[in-house]
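Only the coordinates and a few stated rules stand behind these numbers; no lab work does. Keep in mind the model is a prediction, meaning the values are calculated, not measured. Here the Cβ is made from the backbone with ideal geometry for all residues, glycine too, and neighbour counts use every protein chain on show.
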Amino acid sequence: MRRSRDLVRPALVEAVGRLHPWTGEMAAYGLGWADTAGTPDPGGSEGKGVRQALAVLGAEAVGADGADAVPGAVAVELVHTFSLLHDDIMDDDALRRQRPAVWKAYGTGPAVLTGDALLAQAVASLAEVPGPRTAAAVRCLCATLTALVSGQAEDLRFEDRPWSGPGAVEPEQYRSMAEHKTGALLGCALALGAILGGAPDRTVAILDRAGRHLGLAFQAVDDILGIWGDPATTGKPVHADLRQGKKTYPVLVAMAGGSRSAYALETLLTSGRRIDGATAEHVAALVEEAGGRTATREEARRHLDAARRALREAALTRSAAQELDVLFTHLLDRTW
């Protein structure tokens, strides 16, 4: 990921530099490059860089130079940052990577505007690429944006649905939401690398499918970290997802288990009791007792295996395929 970041960083800086100075300042803060005064922030986190690494490896996997994928890597990184800025507002998340979220640091309106600017620049970064693959790349990104919006819409609608009974969110419905909200962009990153590398449509589709499965595994690990992660590494308060009442896979699959712990969990969540402090610890313990943590870990591993099987369907360069395999394993074992 460090190699990909070094390759992509100059073009990403250039893209952000095209924005209005004010939105550019907020984008630099959101990307972890600067503080609120606009000065370089050595303590800021630039994030994992997963999507730009996938774009670069997508090109290399089909025999192209990783540099061919740089516009696609810039586009997916800008889209990812745009989605984080807007999601933090919708989810009322005050922290992002151990710093105040952009909307807390600058205000809601400015954060929305910055997200809009990043989205526009993401499309422009691809649309300006010369050559015969430009239209296919832009179509891929636009389809992904539609999927992202659909996934976020479902995620927001889940908040108003009951924990049990008619209308309750089923684990399969959550999986569909996660594929749109998380899997689509990871699939797009790999696919854009392949498209810009000149790969045939079949190979592009295979890499997109592999990325989507990787995204589902990634989201499953995120859901585990949202309940049991260390705040010092995740950058969010302990039991963050439980405190927000989010319907995540570990809770949903635990409640579907039918055990005594599952019944106790359902009773607590449907009581209307505020989840904080000791209550959150109790909920986390019930989710684990009911098998939610183990089942979510298995869910992540199933989709990781599916991603690897997909990669074996395409004729990929050996070195890039090996790097993808290492990256996949790293994402499953991460603690942040």
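Tabulated data for the structure shown
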{"quantity": "Projected label distance in nm at Thr267 and Ser45, using a 7 Å step from Cα toward the beta-carbon", "calculated": "3.7"}
{"quantity": "Proxy reagent accessibility, fewest Cβ within 10 Å first, across Ile195, Ile224, Ile89", "calculated": "Ile89, Ile224, Ile195"}
{"quantity": "Gained length - Arg2 relative to Asp305, 0.36 nm times residue gap less alpha-carbon distance", "calculated": "106.6 nm"}
{"quantity": "Shape category assigned to the stretch 74-202 from the gyration tensor of Cα positions, a/c cut at 1.5", "calculated": "oblate"}
{"quantity": "Separation between Cα centres of the stretch 49-89 and the stretch 283-297, rounded to whole Å", "calculated": "33"}
{"quantity": "Modelled FRET efficiency - R0 41 Å, Glu288 with Glu128, Cβ distances, 0.05 increments", "calculated": "0.25"}
{"quantity": "Cβ-based exposure ranking for Met255, Met1, in which fewest neighbours within 10 Å come first", "calculated": "Met1, Met255"}
{"quantity": "Sequence-distant residues sharing a close amide H with Ala34 (under 5 Å, placed H)", "calculated": "Tyr29, Asp41"}
{"quantity": "Members of Lys104/Lys236; Lys104/Lys246; Lys181/Lys246; Lys48/Lys236 lying beyond 18 Å, as alpha-carbon distances in this model show", "calculated": "Lys104/Lys246"}
{"quantity": "Whether the chain is rounded, prolate or oblate, judged on the alpha carbon gyration tensor where a/c under 1.5 counts as rounded", "calculated": "oblate"}
{"quantity": "Shape call, the stretch 112-171: gyration tensor on alpha carbons, a/c limit 1.5", "calculated": "oblate"}
{"quantity": "Label point 7 Å beyond Cα of Lys246 along Cβ direction - residues of the stretch 86-113 with amide nitrogen under 16 Å", "calculated": "86-99, 101-102"}
{"quantity": "Residue range of the chain that is longest and free of trypsin sites (Lys or Arg not before Pro) which are both DSSP loop and sparsely packed (at most 13 other C-beta within 10 Å)", "calculated": "19-272"}
{"quantity": "Amide H contacts of Arg96 (H built 1.01 Å from N, under 5 Å, at least 5 apart or other chain)", "calculated": "Ala101"}
{"quantity": "Of the DSSP H helices in the chain, those whose Cα atoms cover at least 20 Å axially and whose Kyte score averages 0.0 or more", "calculated": "70-90, 108-127, 134-158, 201-228, 318-332"}
{"quantity": "Inter-label distance for Ser319 and Met90, nm, one decimal - labels placed 7 Å from Cα along Cα-to-Cβ", "calculated": "4.0"}
{"quantity": "Linear extension gain, Arg157 paired with Arg274, 0.36 nm per residue minus alpha-carbon span", "calculated": "40.1 nm"}
{"quantity": "Packing-based exposure ordering (other Cβ within 10 Å, fewest first) of Val253, Val50, Val123", "calculated": "Val123, Val50, Val253"}
{"quantity": "Cβ-defined net charge surrounding His330, 15 Å radius [Lys, Arg +1; Asp, Glu -1]", "calculated": "+4"}
{"quantity": "Label-point separation in nm, Ser150 to Ala136, each point 7 Å along Cα→Cβ", "calculated": "2.2"}
{"quantity": "Dipole magnitude of the chain, debye to nearest 20 (Cβ charges: Lys/Arg +1, Asp/Glu -1, about Cα centre)", "calculated": "420"}
